[in-house]
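Here the structure comes first, spelled out in structure tokens, and everything after it is commentary.
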Amino acid sequence: MTSLVEVRDLWYAYPALPGVGAQWVLRGVSLQLRAGEVVGLLGASGAGKSTLALALNGSVPQSTGGQVRGEVLIEGLDSKRRPVAELAMRVGIVFQDPEVQFLQTTVEAEVAFGPENLGLPVSEIEQRVTWALGAVGLGEFRSRAPAHLSGGEKQRVAIAAILAMRPRILVLDEPTASLDPRGKLEVLEVIRALRPDHTILLITQESEAVAELADRVLVLDHGQIVMEGDPNRVFGEVERLARLGLRPPEIRELAHCLNRELGVPAFDFSDVEQAVEALGQAAVA
Amino acid sequence: MILAPRLEAIDLWFAYEAERPALRGADLVVEPGEFLALVGQNGSGKSTLAKHLNGLLRPVGGRVRLNGEDISGVATGQLARQVGYVFQNPDHQLFSPSVEQELGLGPRYFGLPAAEVEERVQRGLERFGLRSIAQRGPGTLSFGLRRIVSIAAVATLQPPVFILDEPTTGLDWGSASHLMDHFAELHAQGHSVILITHDMRLVARYASRVVVLSEGRVVGRGSPQEVFRHRELLQAARLQPPRIVELVERLVISGMEIEGLTVEAACRSFLTRYRLKHG
């Protein structure tokens, strides 16, 4: 598989504030995102997750300044040298709070905004808007005002606006963090649907969602990737995750608690189905 | 021990926009020293209802009583001594040039003696791990830290009742559980805590009672156990119980004797049985 995103030994520090020296927020991050992968990026507050996200479309360091070392290649393009506008057509970033991105009075205008700025023909814009709204299940919402939508609907509009730029790579930075349970489910459904045609970096604190969606998990701590691998393996390390300030999936925590109390690794289940079976067998044994 | 007041909201009506009432006859009782979770979808009226309990909002219909007395004539500043409100957005309550001053703002406003203010500020800095950033401006901090400062600033007022409006949003689990453990401690000292949250794992772990809101009305109430079992209620309010509750239910259906709403409780409950089988 080819790498769509290649980050090599990336170091980054925001411009120093008066009285405070420059501090490295990213400290030697290397990663690859391969075509079609969904990668979960976990990390406590301040670990550098959002900074890393912004480095993928060149906003870091192009808009933020500061010091940078190492390389970020997006489909082979050097993110320090290419304009952010060009990179944004390849890497779409969706943030936690969709409202700060909204500029237009209708859903349709919001989604058309990006393609219009590319100077695309009207028919092409129209086609992209229809497709993007369909992809997030908001085809009926074209003439609604973004301000009057629910949290989950707003976030889906934000995703549609990014999709209309037709990026192959999607970076979702805590897309469900400020949503209620219904909104979270809606957005996770959309991510699931986008999966076949996109490479997705899902940044979140919600390990349950990552456990269900991701092919691979990265854990960032103080600007360094400290864990990496198959979700099953990473989420098995319950104590280490807790030390890193992360909440492991509950079913995993239960297996860990049982094993700890029993003093033997008796259980290794990762979802409700497996747990029902394993515990049922143990209880009648 | 702190003796918290009894709070009562009776048939509350309120509207931000005339044609769409946010509260449509909401009733709520908070018993002294209770740890209550208020849950429901965005827009169900949770924050609106809670803001009536300390006069931040005044109802267009219905009453709020504190220890049996109607609060409609009591100034909001006065009520704040009894009921502290931690806002969902920390930036709605941070004004001072430094974290240290922010923590002293409320106690000073209440006219406490300087030595007492100082002691509370120092204790707050210690307790919430803010010592190293005491001189920083709140505006220069990360969202997570601003949130902790806003909580510490309310905690220095030591109100008998705390209302926490989605206090853990934007915090990682390490900070969130640290914070909630702090309020569990205050609860153990007699403070009432009203927790507004979407996080059912927090509800299972900390709350003794749950009130479910939908479209401006209370549609269900009970222990976390009772609410998590109430399928129609969960569906109506679009709530999803924690995975561990789902697992325990499945095991019970399969004939096992197991209980617990949290990992720790389910783990203990299972081991009791497991060891019996093997013992």
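Using a ≥ b ≥ c from the Cα gyration tensor of the stretch A:42-157 (square roots of the eigenvalues), is it rounded, prolate or oblate, where a/c under 1.5 gives rounded and otherwise the larger of a/b and b/c decides, a/b for prolate?
oblate
When the label point is put 7 Å from the Cα of B:Y16 along its Cα-to-beta-carbon vector, which residues of the stretch A:122-156 have a backbone N closer than 18 Å?
A:145-155
Report, in whole Å, the centroid distance computed from the Cα atoms of the stretch A:222-285 and the stretch A:19-94.
Each part's Cα centre sits 31 Å from the other's.
Assuming R0 = 35 Å, can you tell me the calculated FRET efficiency for the pair B:M1 and A:Q274, based on Cβ-Cβ distance, to the nearest 0.05?
0.15
Could you go through the stretch A:206-216 in sequence order and give the Karplus-derived ³J(HN,Hα) for each residue, using 6.51 cos²θ - 1.76 cosθ + 1.60 with θ = phi - 60°, rounded to whole Hz, and x for Gly and Pro?
With the stated coefficients, the stretch A:206-216 comes to 8, 5, 4, 5, 5, 4, 7, 9, 8, 7, 8 Hz.
Sorted by average packing, counted as other Cβ atoms within 10 angstrom per residue and highest first, what order do A:99-108, A:167-176 take?
Highest-to-lowest ranking by the protection proxy: A:167-176, A:99-108.
Just to confirm a number: summing +1 for Lys and Arg and -1 for Asp and Glu over residues other than B:K46 whose beta-carbon lies under 15 angstrom from that of B:K46, what do you get?
Spelling it out: positives minus negatives among the neighbours equals +1.
Let me make sure I get this right: for chain A, a, b and c are the square roots of the gyration tensor eigenvalues over alpha carbons, sorted descending. Under 1.5 in a/c it's rounded, otherwise prolate if a/b > b/c, else oblate. Which is it?
Oblate is the answer for chain A, as a/c is 1.5 or above yet b/c matches or exceeds a/b.
How many angstrom lie between the Cα centre of the stretch B:17-59 and the Cα centre of the stretch B:129-190?
22 Å
Quick one: order B:C267, A:C257 by neighbouring beta-carbon count within 10 Å, fewest to most.
Ranking B:C267, A:C257 by Cβ neighbours within 10 Å, fewest first, gives A:C257, B:C267.
Run the simple label-point estimate for A:L73 and B:F110 please: 7 Å along Cα→C-beta, distance reported in nm.
6.1 nm
Ranked highest first by the average count of other Cβ atoms within 10 Å around their residues, in what order do A:272-280, A:76-84 fall?
A:272-280, A:76-84
Just from the alpha-carbon atoms, what are the Rg and Dmax of the protein assembly as shown in angstroms?
24.9, 76
Can you give the average number of partner chain beta-carbon atoms within 10 Å of each beta-carbon in peptide A:248-261, as a whole number?
Taking all residues of A:248-261 together, the mean is 5.
In peptide A:43-54, how many Cβ atoms from other protein chains are near each Cβ within 10 Å, on average?
Taking the mean over all residues of the peptide, I get 2.
Calculate the dipole size of the stretch A:169-274 relative to its Cα centre from +1 charges on Lys and Arg beta carbons and -1 charges on Asp and Glu beta carbons; express the result in debye to the nearest 20.
Approximately 160 debye in magnitude.
When the dipole is taken about the Cα centre of the protein assembly as shown, and only Lys, Arg (+1) and Asp, Glu (-1) are charged at their Cβ, what size is it in debye, to the nearest 20?
That gives the protein assembly as shown a dipole magnitude of about 500 debye.
Would you mind computing, in nm to one decimal, how far apart the modelled labels at A:S150 and A:S30 are, each placed 7 Å from Cα along Cα→Cβ?
Placing both labels 7 Å along Cα→Cβ, they lie 4.5 nm apart.
What's the local net charge at B:A176, with K and R +1, D and E -1, over the other residues with C-beta under 13 Å away?
Residues near B:A176 contribute -1 overall.
Lys and Arg at +1, Asp and Glu at -1: add these up for the other residues within a Cβ distance under 11 Å of B:S269 and post the number.
With Lys, Arg at +1 and Asp, Glu at -1, the net is -1.
Once you average over the residues of A:266-276, how many Cβ atoms of partner chains fall within 10 Å of each Cβ?
Across the residues of A:266-276, the mean count of other-chain Cβ atoms within 10 Å is 3.
In nm, what is the difference between 0.36 nm times the number of residues separating A:L103 and A:T64 and their Cα-Cα distance?
11.8 nm
How about the stretch B:1-92: which GluC sites (Glu not before Pro) there are in a DSSP loop, with at most 12 other Cβ atoms within 10 Å of their Cβ?
B:E19
Return the loop-located GluC sites (Glu not before Pro) in the stretch B:221-279 (DSSP other than H, G, I, E, B) with at most 12 other Cβ atoms within 10 Å of their own Cβ; answer none if there are none.
B:E257
Please label the shape of chain B as rounded, prolate or oblate, based on the square roots a ≥ b ≥ c of the eigenvalues of the alpha-carbon gyration tensor (a/c under 1.5 means rounded; beyond that, a/b larger than b/c means prolate, else oblate).
oblate
Take the alpha-carbon centre of the stretch A:131-157, take the same for the stretch A:180-219, and report the distance between them in whole Å.
When both Cα centres are located, 19 Å separates them.
Go ahead and estimate [θ] at 222 nm for chain A from helices alone: -39,500 (n - 2.57) per DSSP H run with n ≥ 4, summed, over the residue count, rounded to 500.
The per-residue figure over chain A is -11500 deg cm²/dmol.
Along the positive direction of the dipole of the stretch B:7-233 (beta-carbon charges: Lys, Arg +1; Asp, Glu -1; about the Cα centre), which of B:S177, B:V74, B:Q189 reaches farthest?
So the residue furthest toward the plus end is B:S177.
Among B:A153, B:V227, B:L28, whose Cα projects farthest towards the positive end of the dipole of the stretch B:7-233, with charges put on the beta-carbon of Lys, Arg (+1) and Asp, Glu (-1)?
It is B:V227.
Compute the label zone of B:D70 within the stretch B:9-49: residues whose backbone N is under 16 Å from the point 7 Å along Cα-to-Cβ.
Those under the cut-off are B:9-13.
Could you give each residue of the stretch B:43-49 its phi-based ³J(HN,Hα) in whole Hz, using Karplus coefficients 6.51, -1.76, 1.60 with θ = phi - 60°, and x for Gly or Pro?
x, 7, x, 4, 5, 4, 5
About the Cα centre of chain B, how large is the charge dipole given +1 on each Lys and Arg Cβ and -1 on each Asp and Glu Cβ? Please answer in debye to the nearest 20.
For chain B, the charge dipole is close to 480 debye.
Using alpha-carbon pairs under 8 Å, 6+ residues apart, how would you state the relative contact order of the stretch A:201-252 in percent?
Relative contact order here is 33 percent.
Check A:V171: other-chain or 5+ apart residues with amide H under 5 Å from its amide H, H built from backbone geometry?
A:G92, A:I93, A:V94, A:L201
In terms of Cα to Cα distance under 15 Å, which aspartates and glutamates are near enough to A:K80, apart from those fewer than 8 places away along the same chain?
A:E6, A:D9, A:E71
Listed highest first by mean packing, meaning other Cβ atoms within 10 Å per residue, what order do B:105-118, A:30-43, B:179-192 come in?
Those peptides, ordered most packed to least, come out A:30-43, B:179-192, B:105-118.
No value in this document is a laboratory result; all are computed from the given coordinates. Values in this document were obtained by computation on a predicted structure and should not be read as measured data. Using ideal geometry, Cβ is built from the backbone for each residue, glycine included, and neighbour counts are taken over all protein chains shown.
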